[in-house]
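These notes concern the structure reproduced below.
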Amino acid sequence: MPEGPELHLSGLFANRVCAGLHFAGKVEKSAVSKNSEVPFSSPKYTISAVARGKEVKLILTPASDKHEAASVIFRFGMSGSFKFTTEDNLPKHAHLRFYTKDSPRRVFSFVDPRRFGSWEFNGSWQPERGPCVMTEYEKFRENVLKNLSDKAFDKPICEALLNQKYFNGIGNYLRAEILYRLNIPPFMQAREVLEAVKHQNQNSDHSLSKKIKIKKENPDLLQLCNSVPLEVLELGGKGYDPDTAVDYTAFGAWLQCYFVSGMKTMKDGNGRTIWFQGDPGPLAPKGNKVKKPRKSLVVKPKPVKVEKTASKRKTLTVKQEEKLEIDGEEGGGETQAKRKRRVKEENVVQKEETKNVQRAKRIPRGRKTGKEPKSDVSRRSSHRGSARKTPSKRGSATQSKTEDAATPKPRSQRLKSEKPQKSPKPRPQRLKSDMSATPRNSPKVKTRAKRKSTVRDAEAKT
């Protein structure tokens, strides 16, 4: 919400853009605005502005003496501001317009998107508003200290600072900054704080120069109500205005308490949020929890786009780098887009070559390398044949492949191959594949064994 400094900056803006210009015609009002018409029309007039607290007055002075000067007093509400544009670029929410006489015409307009602002034709400063804290400091100070018995000072100091009858121009962010610099709890009684200021001025026995020095080194609450808004005026621009990024960044950097991370927040009796640090004070609303703000008004600068570093680029081979250097020297320099395109193509070719090499090195499924013995394939076929001839192994050899693979079964014992094996590992003795072999317990085998034993005994005796 625009406060005292923002209204003064708007008045300075109006004086700057309207200086030396002549306006003409009727003052136009938008159809959607609920404010009253401005019955002013002149073939040639000038515009000047003056601010007081949270009000700005535009003075319309005709060039001829036939027409009397008129004025329009503005209160900006939540989102009001002045704009100076061409007629073609008229803002969407321009609710009151002043047209220049020259061609092409330009427009000085009052813009208010939320339409909380208001204006009054030939009106006066609102009587319920006190002296301005910036331009009428002595009257403002006297008005506060003389009326400390008023019921308005029974409230917490954070709520009393928003009372425009005594603090004309102070708003939400200014009260937070003032109390933070003095380390005053926001929910301390306003009369108690201001009586200490009054007592300090009355009981001071120092000389005038000493008093001035003390005020500069240790300013009181009323002095900060004057000096803190003047600091915002020195920032220039429009102060608290998110439309201008540069001014808003400077304003966010100036803030010490309002919307600053690490500060506490609490709702006052009017439902307004106060930012503070430390203890809230004895008059804090009961049941109102202290919260921490989630956002910050300090605008972070946008990251500058930087060209990708060499570490993030695709790594090139030595030959490619040499080729880039040669092409750049012979061809008188190569554009960055062409160089990127050529490097990308070379990288694609290089990837294809590496893929082809990897494919050549792969072992096809079902084939064996030359390092393994050549008899593996024949051994497999001999195993199959011997398994068919052996009745005890028929079930394992002709096992169905549709069985569940999750439950492995023990392998059947393989039969010995007919061809000699050159395996480095010793293999266990396997059964003979001949089905017509003579059993060992037959009488023929026993007689043969007897004969062999007798022949061995006789040879041994000889």
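The values are calculated or read from the model by the stated rules, or taken from the named source; none is laboratory data. The structure displayed is predicted, hence computed values, not measured ones. For neighbour counting, all protein chains shown are included, and Cβ atoms are generated from backbone atoms with ideal geometry for every residue, glycine included. Note: accessible area is taken over every heavy atom of the protein model, side chains too, but ligands, DNA and RNA are not part of it. Shrake-Rupley method; radii C 1.70, N 1.55, O 1.52, S 1.80 Å.
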- Query: Out of 14, 63, 94, 51, which single residue is more than 26 Å from residue 127 (Cα to Cα), touching a residue at least 40 places away in the same chain (Cβ under 8 Å), aliphatic (A, V, I, L, M) and open to solvent by less than 40 Å² (accessible area, probe 1.4 Å)?
  - Reply: 94
- Within the range 279-292, considering residues that are open to solvent by 30 Å² or more (accessible area, probe 1.4 Å) and under 16 Å from residue 180 (Cβ atoms), the one modelled with the lowest pLDDT: 292
- Restricting the search to the range 17-44, which residues are among the hydroxyl-bearing types (Ser, Thr, Tyr), open to solvent by 60 Å² or more (accessible area, probe 1.4 Å) and over 29 Å from residue 169 (Cβ atoms)? 41
- Among the residues of the range 98-114, the number that are free of Cβ contacts under 8 Å to residues at least 60 places away in the same chain and of a type in the set (A, V, I, L, M, F, W, C) is 3
- Would you pick out the residues in the range 2-11 that are touching an Asp or Glu at 6+ places or on another chain (Cβ under 9 Å), part of a helix (DSSP H, G or I) and either surrounded by fewer than 21 Cβ atoms within 10 Å (Cβ to Cβ) or not aliphatic (A, V, I, L, M) (or both)? 5, 6
- Item | Scope the range 97-125; condition out of contact with any Phe, Trp or Tyr (no Cβ under 6 Å at 6 or more places or on another chain), part of a loop (DSSP other than H, G, I, E, B) and surrounded by fewer than 18 Cβ atoms within 10 Å (Cβ to Cβ); matching residues | 101, 102, 103, 104, 113, 114, 115, 116, 122, 123, 124, 125
- Message: Being among the hydroxyl-bearing types (Ser, Thr, Tyr), modelled with pLDDT under 95 and under 45 Å from the mean Cα position of the chain (by Cα) is true for just one of 33, 41. Which residue is that?
- Response: 33
- out of contact with any Ser or Thr (no Cβ under 6 Å at 6 or more places or on another chain), open to solvent by 70 Å² or more (accessible area, probe 1.4 Å), closer than 20 Å to residue 280 by Cβ and at pLDDT 65 or above, is that true of residue 217? no
- Message: Here is a list: 84, 76. Which entry is touching a helix residue (DSSP H, G or I) at 6+ places or on another chain (Cβ under 9 Å) and surrounded by fewer than 17 Cβ atoms within 10 Å (Cβ to Cβ)?
- Response: 84
- Quick check, is residue 58 in contact with a Lys or Arg (Cβ under 6 Å, 6 or more places away or on another chain), open to solvent by less than 60 Å² (accessible area, probe 1.4 Å) and either within 30 Å of residue 171 (Cα to Cα) or free of Cβ contacts under 8 Å to residues at least 60 places away in the same chain (or both)? no
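Residues checked against (1) of a type in the set (D, E, K, R); (2) in a strand (DSSP E or B):
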{"position": "61", "(1), (2)": "no, yes"}
{"position": "64", "(1), (2)": "no, no"}
{"position": "67", "(1), (2)": "no, no"}
{"position": "82", "(1), (2)": "no, yes"}
{"position": "92", "(1), (2)": "yes, no"}
- Message: So, in the range 189-214, how many residues would count as being open to solvent by 70 Å² or more (accessible area, probe 1.4 Å) and modelled with pLDDT of 90 or more?
- Response: 2
- Near pairs, Cβ below 6 angstrom, 6+ apart or cross-chain, from the range 133-156 (within 13 Å of residue 225 (Cβ to Cβ)) to any residue that is among the basic types (Lys, Arg) and surrounded by 15 or more Cβ atoms within 10 Å (Cβ to Cβ): 145/198
- Note on the structure: In the range 126-185, residues that are closer than 18 Å to residue 268 by Cβ, outside any loop (DSSP other than H, G, I, E, B) and of a type in the set (Val, Ile, Thr) total 2
